[in-house]
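Participant: Sending over a structure as structure tokens; questions will come in a sec.
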Amino acid sequence: MRKTVVKAGSVLIGDNSHIVIQTMCNTPTQDIDASFEQCVKLSIAGAEIIRLTTQGYKEVEALKVIKEMLRKKGIHTPLVADVHFSPDVAKAAAMVADKVRINPGNFSKDHTLATKRFVELTDICKQHGTALRIGINHGSLGDRIIEKHGDTPAGMKESAIEWIKMALSNNFDQIVISLKSSNTLVMAQAYRLLQDEFKKTGLAFPLHLGVTEAGNGEYGRIKSAVGIASLLNYGIGDTIRVSLTEDPENELPVARFIADYSFEFRKNKAEIPFDIIGSNPVVCRLSYKCKTWSDFILSASCDFGPLLLDKKIDDIEIQLVCDEKYEKSDISRFRDELLQASRRVFSKPEYIACPGCGRTTFNLETVFNEVKRRTAHLTGYNIAVMGCIVNGPGEMADADYGYVGESRNKVSIYKGRVPVFRAVPENEAIDILLKIIEEDIQNKSDKI
Ligand code: SF4
């Protein structure tokens, strides 16, 4: 299989030498000083590629200035313009950024028009040596694909294939593909289907991996490790982003750990040395010796997550020697979270929370922690907290309920895909979200 190596500025993606790690600023790109400062910090912290929100022409101009400031300071980390909807903004961004991230299905509802705009964009990319990420997200597939394949991993794969073919027919191959979902199983299946297609055709493109809206804290890290390792361990994936609803600097050590751990695993074609201590269900036992608790949860998630996700094992038993103090209850909490992240046993609500970016209009991390605190009893529900109304609703595909930033101090409350309350003042929004969920639970129990 021949894989195209993609050049984003000075960084090569897909040359099999290592896994490129990346992150995204959460500052408004128009705030040039704050975005510049954050890019400096992120690049010192190890980001090999940095993405910035680029929703309009003002952001493209700001990106240009930020890039010049960074280069003057001797920082050559490639910058990616994150453009979702506007093909014209994408074209302007392609003259400035090292790489542009688009979801071409959003370019127009009319597929012929979307195609025309995509071809124009690839022309500009060719002229300026700009790479392109075709970012397909579960939950935001075009109507045409959904009609044929549903909002499924197969649909995500088909969508990617269509745009790849279109790029190639215009002699443009500097494309990286992502097929993200906040559901680890959907995400793993979509990438595996695409990799199978690559094998069939003999022509492959670099893959950008990530579990979208993974949330924060320990669970966000476990979920990211499960999804990403289930692909990286088996040779799928060239660049990763761990999306956490935290300071983007926190994403980098997690991403580096997962990338290095899984890359070693796949290079050595390693077998995990566990003992099987039960056959129905299949329970595995493994001993770890780790310096930190964080190293432990990431190692064990990379080892066991893929096996749980693929139903090769059903449960785990851990023996841990760790330089950091931990309690027995920490191990059992980790086991519960790993089983949930691998979509085997749900013991608490499943949260979908975006990492936030320049489009976010409220303190996402604080609100998300408060939503988690107040909904912790709602096991079995999927609850989303999304930073903006532009992309949030499309990207919270599996959510039963959603808290979505609408504008400054205003929030929309969603039930499934439907906004049931709009422009709710921020200080009332969590109460309203809870009220709706509790009314639904009451209605359900009245019917029984
Ligand atoms: S959903 Fe969140 S991360 Fe995505 S564009 Fe909106 S604010 Fe940014």
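Participant: Which of Ile277, Ile258, Ile316 has the fewest other C-beta atoms within 10 Å, and how do the rest follow up to the most?
Facilitator: Details: Ile277 12, Ile258 27, Ile316 24.
Final ranking by Cβ density, sparse to dense: Ile277, Ile316, Ile258.
Participant: Return the single residue from Leu434, Leu42, Leu207 with maximal mean-square fluctuation; model: Gaussian network over the chain, springs between Cα atoms under 10 Å.
Facilitator: Comparing Leu434, Leu42, Leu207 in a Gaussian network model of the chain, the most mobile one is Leu434.
Participant: Can you give me the long-range amide H partners of Arg133? Hydrogens built in the peptide plane at 1.01 Å from N, cutoff under 5 Å, separation of 5 or more residues or another chain.
Facilitator: The list, which skips near neighbours in sequence, is Val100, Arg101, Ile102, Val176.
Participant: Still on this structure, please answer the following. Does region 66-141 classify as rounded, prolate or oblate by the C-alpha gyration tensor (a ≥ b ≥ c root eigenvalues; a/c under 1.5 gives rounded; else a/b over b/c gives prolate, otherwise oblate)?
Facilitator: Details: a/c = 2.93, a/b = 1.89, b/c = 1.55.
Taking the square roots of the gyration eigenvalues as a ≥ b ≥ c, region 66-141 is prolate.
Participant: First select every other residue whose beta carbon is under 11 angstrom from the beta carbon of Arg422; then total the charges, Lys and Arg +1, Asp and Glu -1. Please report the intermediate quantities before stating the final value.
Facilitator: Numbers: positive: Lys410; negative: Glu406.
Net charge around Arg422: 0.
Participant: Right, here's the next one. Show the residues, 5+ positions off or on another chain, whose built amide H is closer than 5 Å to the amide H of Asn216.
Facilitator: Thr245
Participant: Using 21 Å as the Cα-Cα cut-off, could you pick out the over-long pairs in Lys41/Lys67; Lys223/Lys435; Lys64/Lys165; Lys165/Lys267; Lys223/Lys312? All intermediate terms of the calculation are to be shown ahead of the outcome.
Facilitator: Working: Lys41/Lys67 14 Å; Lys223/Lys435 28 Å; Lys64/Lys165 30 Å; Lys165/Lys267 30 Å; Lys223/Lys312 18 Å.
Pairs exceeding 21 Å: Lys223/Lys435; Lys64/Lys165; Lys165/Lys267.
Participant: May I ask you to order 367-377, 185-195 by the average number of other C-beta atoms within 10 Å around their residues, highest value first?
Facilitator: Working: 367-377: 16.1, 185-195: 23.0.
Averaged packing, sorted descending, gives the order 185-195, 367-377.
Participant: Apply the a/c threshold of 1.5 to the C-alpha gyration tensor of the chain and tell me whether it is rounded, prolate or oblate. Please report the intermediate quantities before stating the final value.
Facilitator: Working: a/c = 1.45, a/b = 1.18, b/c = 1.23.
Rounded is the answer for the chain, as its axis ratio a/c remains below 1.5.
Participant: Just to be sure I understand the model, the point goes 7 Å from the Cα along the line to the Cβ. What's the resulting Glu317 to Thr366 distance in nm?
Facilitator: So the two model labels end up 4.6 nm from each other.
Participant: Quick one: net charge of Arg133's neighbours, Cβ under 15 Å, K/R +1, D/E -1? Kindly include the intermediate steps, with their values, before the conclusion.
Facilitator: On the way: positive: Lys7, Arg51, Lys99, Arg101, Lys180, Arg241; negative: Glu48, Asp82, Asp98, Asp173, Asp238.
My count for the surroundings of Arg133 gives +1.
Participant: Between region 112-138 and region 230-273, what's the alpha-carbon centroid distance in Å?
Facilitator: 28 Å
Participant: What is the distance, in nm, between label points placed 7 Å from the Cα along the Cα-to-Cβ direction at Ser332 and at His149?
Facilitator: About 4.3 nm separates the two model spin labels.
Participant: Want the number for Thr292 to Asp247: 0.36 nm per residue separation, take away the alpha-carbon distance, what's left?
Facilitator: Numbers: separation 45, 0.36 × 45 = 16.20 nm, distance 2.06 nm.
Additional length available on full extension: 14.1 nm.
Participant: For a Förster distance of 22 Å, can you work out the FRET efficiency between the beta-carbons of Arg344 and Asn280, rounded to the nearest 0.05?
Facilitator: On the way: r = 15 Å, r/R0 = 0.68.
In this case the efficiency is close to 0.90.
Participant: Per residue of region 400-414, what does 6.51 cos²θ - 1.76 cosθ + 1.60 with θ = phi - 60° give for ³J(HN,Hα)? Whole Hz please, x for Gly and Pro, Karplus curve as stated.
Facilitator: 7, 9, x, 10, 10, x, 9, 7, 4, 6, 10, 10, 9, 10, 10
Participant: For Cα pairs less than 8 Å apart in space and 6+ apart in sequence, what is the mean separation divided by the residue count of the chain, i.e. the relative contact order in percent?
Facilitator: Values: 945 pairs, mean separation 58.0, N = 448.
That works out to 13 percent.
Participant: Taking the Cα centre of each part, how many Å lie between region 3-69 and region 298-326?
Facilitator: 33 Å
Participant: Under 1.5 on a/c is rounded, so check that first for region 350-447, then, if it is not, pick prolate when a/b is larger than b/c and oblate when it is not; a ≥ b ≥ c are the square roots of the alpha carbon gyration tensor eigenvalues.
Facilitator: On the way: a/c = 1.65, a/b = 1.60, b/c = 1.03.
Prolate.
Participant: At 222 nm, what helix-only mean residue ellipticity would the chain give, in deg cm²/dmol to the nearest 500, using -39500 (n - 2.57) for each DSSP H run of four or more? Can you show the working numbers first?
Facilitator: Details: 14 runs with 199 residues, N = 448.
Dividing the helical sum by the residues of the chain leaves -14500 deg cm²/dmol.
Participant: For the pair Met95/Thr201, report the inter-label distance in nm, with labels modelled 7 Å from Cα in the Cβ direction.
Facilitator: 3.1 nm
Participant: Estimate the FRET efficiency between Thr112 and Asp15 by the formula 1/(1 + (r/R0)^6), using the beta-carbon distance for r and 41 Å for R0, to the nearest 0.05. Walk me through the numbers on the way to the answer.
Facilitator: Values: r = 36 Å, r/R0 = 0.87.
Calculated transfer efficiency: 0.70.
Participant: Check cross-link reach from Lys7 to the aspartates and glutamates: straight Cα distance under 14 Å, and skip same-chain residues fewer than eight apart.
Facilitator: Straight-distance partners of Lys7: Asp15, Glu48, Asp98, Asp173, Asp238.
Participant: Take peptides 227-239, 332-344 and line them up by average Cβ neighbours within 10 Å, highest first, as a rough protection proxy. Working shown, then result.
Facilitator: Numbers: 227-239: 25.0, 332-344: 19.9.
Top of the packing list down: 227-239, 332-344.
Throughout, read-outs are computed from the coordinates displayed, never taken from laboratory work. Computed from a predicted structure; not experimentally measured. Counting neighbours? That spans all protein chains shown, and the Cβs are built from the backbone with ideal geometry, glycine included.
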